[in-house]
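Report on the structure given below.
The values are calculated or read from the model by the stated rules, or taken from the named source; none is laboratory data. Predicted model only: the values in this text are computed from it and were never measured. Here Cβ is always computed from backbone atoms with ideal geometry, including for glycine, and neighbour counts include all displayed protein chains. Note: accessible area is taken over every heavy atom of the protein model, side chains too, but ligands, DNA and RNA are not part of it. Shrake-Rupley method; radii C 1.70, N 1.55, O 1.52, S 1.80 Å.
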Amino acid sequence: MPSSLPFSNPHDETFRALEAVKRASSAVMDVYGGEISSHSKDDNSPITKADLQSNEIIKQILAPSGYHILSEEDTDDISRLEEEKIWIVDPLDGTSDFVNKTGEFTIMIALVHNRIPILGVISRPTTNTIFLAQKNSGAFKLEDGKWSRLQVSKINDLKQCKAVGSRFHLTEQEKEFFKKLGVASFESRGSSLKVAEICQGLADLYLTTSNKIKQWDTCASHCLIIESGGKITDMKGEPVQYNTEILNHENGLIVTNGLVHEEIIRRYIS
């Protein structure tokens, strides 16, 4: 990983998060290269050796910061509600993609200050790609040793929009709504790569009406989409906040290039 970053004012926590995803990615790929076994958690979602190893590596590297760490793989300690800053971590986002070897899984780390993400780092281990955003500093992708700035598309007509959605969790209601919107195309993507594509201008919108999405599924992506010029809200158009008592996004989620955001919400609530 280059010693230089694509902006001039990196936080100490930015270097820490980058180191954490780098080391966690290596451990995850070691598991990915072999035979993968998984078992179900209490909520019936899968978990593997890679989830647990990644979690331990990330916590070890982030711990010296002194900030509380909220991770998908740990029991929630609500004392975090008293903290101004906390880490929110998904050690392996897209475990189903990992188990099915689609290659579309990620590692996500975010730093939240007063309910708002101020740092987001996402690693895609199978392509050795890292996405990075820091509040008021922009969003970037590291690929082949080079940083490039991320920018959402300029498409403002839904009929020209490329939509992305979940591979494993797309509901019939969501399928029908995409048809109602009349988007130009729809493709399934795993994990946080849906939002990453919007940040790169490769897609224009993602939405879910589910109330099962949790804060570690979105927090790093939230910072990326804002810093690349896009928009994220719940399906009612309300702001999305973090380090709240309820971890689920109870009113779903919509992520867009910003230009088609209000029109989608208007059609949804009408």
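Points worth noting:
- Top of Glu73, Glu174, Glu238 by mean-square fluctuation, Gaussian network on the chain, Cα under 10 Å: Glu238
- Only beta bridges with both residues in the range 46-190 are counted; by DSSP, about 75 percent of them are antiparallel.
- For the chain: accessible area per residue (Å², 1.4 Å): 46
- For the Cα trace of the range 117-257, dividing Rg by the Kirkwood Rh returns an Rg/Rh value of 0.95.
- 12 Å beta-carbon shell around His249, net charge (K/R +1, D/E -1): -1
- Surface composition of the chain: carbon plus sulfur atoms hold 45% of the accessible area, using a 1.4 angstrom probe and ignoring ligands, DNA and RNA.
- Choice from Ile86, Ile225, Ile47 with maximal GNM fluctuation in the chain (Cα, 10 Å cutoff): Ile47
- Separation of alpha-carbon centers, the range 177-229 and the range 71-131, rounded to whole Å: 16
- Dividing the convex hull volume of the alpha carbon atoms of the chain by its residue count gives 120 Å³ per residue.
- Lysine pairs in the range 120-217 with Cα atoms under 13 Å, if 8 or more residues apart or on separate chains: 5
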